[in-house]
1. I'm trying to understand the selection: among the residues of segment 192-231, which are modelled with pLDDT of 75 or more, crowded, with 16+ Cβ neighbours inside 10 Å and not in a helix (DSSP H, G or I)?
2. For segment 140-150, what are the residues that are over 26 Å from Leu67 (Cα atoms) and either aliphatic (A, V, I, L, M) or surrounded by fewer than 13 Cβ atoms within 10 Å (Cβ to Cβ) (or both)?
3. Among Thr129, Thr160, which is the only one that is in the same structural domain as Glu181 (by TED's automatic domain parsing) and surrounded by 16 or more Cβ atoms within 10 Å (Cβ to Cβ)?
4. Which pairs have Cβ atoms under 9 Å, sit 6 or more apart or on different chains, and link a residue in segment 106-125 that is without any contact (Cβ under 8 Å) to a residue 12 or more places away in the chain and over 25 Å from Gly29 (Cα atoms) to one that is assigned to a loop (DSSP other than H, G, I, E, B) and of a type in the set (Gly, Ala, Ser)?
5. Taking the condition of being modelled with pLDDT under 95 and over 25 Å from Arg65 (Cβ atoms), how many residues in segment 116-139 meet it?
6. Does at least one position in segment 158-167 carry a residue that is more than 17 Å from the chain's Cα centre (by Cα) and modelled with pLDDT under 95?
Amino acid sequence: MDTAISITYGNLAVEAASWQRLVECYERGWVSATLAGTPCETFSEARFQDFSEPDADEGPRRLPRPLRSYERLLGLPALSRREVEQLHAGTNFFLQGLVLLGYQVVKGGLYVSEHPAPPRDESRPSIWTSPWMQLMRAHPEINLHIIPQWPFGATVPKPTGLLALRLPKFRSSLFKHADREACRPKEVAIGRNADGSFRTSKHKEYPPRFCAGLAQSFTDQLKALASMPPRPSPRRL
């Protein structure tokens, strides 16, 4: 569900009819598996690099500044209206993903959430170190895997956090689609290109091999569950 596919049916805003209908499906236990991803825009490590960079024609150009921190995960003070709107969108998607994870835990089902790996600097923001996610990660069937995307075709290392629910063979399924001959790239995804565009832009989409690996993780587990003998019905006195 994405507005890039359908403005109406892909609208996941909390007040949208499509989101309300989706939540109803989860409440009824109709969803077998979920793949979600909190947008990294307002959590990005790139915001903590040099605040400006030189431009041959126009002088220093301002780079997007940090909007969050570990202690102020939902937003730093004294932000512009535009920055607050960016925060609102990113926070909503993060919390909505948590709601769906909660439904999958309670109602049954599989779940994977993708977001950049936790930063080395613990003072920086990350959904993985938030108190809500820490609570969910205490569940015995939830595991956070840190996987680089370059073995799957990314042109930058791109360490990625993948939270998996009830997927005991997640890594082996995912790496079925890795390129065994790939070499770690030296390119970085921080800063701007010569045309002024952000280097992070072209890395927002998953490489095809990575997509295939994520799909494989679900199909492998669903196949394993389908082959299990049915549970006997509980006896009634």
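1. Tyr206, Pro207
2. Those that are over 26 Å from Leu67 (Cα atoms) and either aliphatic (A, V, I, L, M) or surrounded by fewer than 13 Cβ atoms within 10 Å (Cβ to Cβ) (or both): Pro140, Glu141, Ile142.
3. After applying the criteria, what remains is Thr160.
4. Cβ pairs passing all conditions: none.
5. Selection size over segment 116-139: 0.
6. No, segment 158-167 contains no residue that is more than 17 Å from the chain's Cα centre (by Cα) and modelled with pLDDT under 95.
The values are calculated or read from the model by the stated rules, or taken from the named source; none is laboratory data. Not measured: the values here are computed from a predicted model. Cβ sites come from the backbone with ideal geometry, for glycine too, and all protein chains shown count toward neighbours.
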